[in-house]
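Contents: one structure, followed by commentary.
What follows draws every value from the coordinates through simple rules; no lab data is involved. From a predicted model like this one, the values you see are computed outputs, not experimental measurements. In this analysis, Cβ positions are derived from the backbone assuming ideal geometry, glycine residues included, and neighbour counts consider all displayed protein chains.
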Amino acid sequence: MWRDPNQVAEFEQDNTFLPLYNGLRAPPATLARYKRNFLRLRKAVLCVGSGPEYDGGIEPWQSAIFGFGDDQLGFKPMAQQREYAEDLFGLRTLDTTGRLNVTVVANAKHSDWTGNESLITREVLPHLG
């Protein structure tokens, strides 16, 4: 699942899961179906903790919000990724129509999203109403 910024072609070709569902390698008819289904969402919420590169589950933490490394050892945010820019599976559409919420909480660990009651109450529960 690792998306090495210096081996993007290998990631897209050899990975059997993410490139298919993110639209990087799906056949056009399949991708159209995935996008239609994704756009049926009334709201998508992406929650991640920032801080150390490894949050206990996802490394680097930016990848949880579609931010990936570039070949210069920096990061490109979601809006600069191909999946978003070309709206391959509907991520940009959800964002531009106000149906995408990206929540970044300083120093939250991966396990906090299921085990920290105050974080869940403050950052997750309001989206369930």
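As a proxy for reagent exposure, 120, 65 were ordered by neighbouring Cβ count within 10 angstrom, fewest first; the result is 120, 65.
Return the FRET efficiency for the residue pair residue 30, residue 93: r is the Cβ-Cβ distance, R0 is 25 Å, and the value is rounded to the nearest 0.05. It comes to 0.90.
Looking only at the chain, where both bridge partners belong to it, what percent of the DSSP beta bridges are antiparallel (to the nearest 5)? Could you put the intermediate results ahead of the total?
Details: 2 of 9 bridges.
Roughly 20 percent of the beta bridges in the chain run antiparallel, per DSSP.
Among the GluC sites (Glu not before Pro) in the range 2-75, those placed in a DSSP loop whose Cβ has at most 14 other Cβ atoms within 10 Å are 53. Between 72, 81, 13, find the one with the highest GNM mean-square fluctuation for the chain; connect C-alpha pairs within less than 10 Å. Sorting by GNM fluctuation, first place goes to 72.
Entry note, the chain: the mean residue ellipticity at 222 nm calculated from DSSP H runs of n ≥ 4, each adding -39500 (n - 2.57), is -6500 deg cm²/dmol after division by the residues and rounding to the nearest 500. Taking a ≥ b ≥ c as the square roots of the Cα gyration tensor eigenvalues, the chain comes out oblate, since a/c reaches at least 1.5 and a/b does not exceed b/c.
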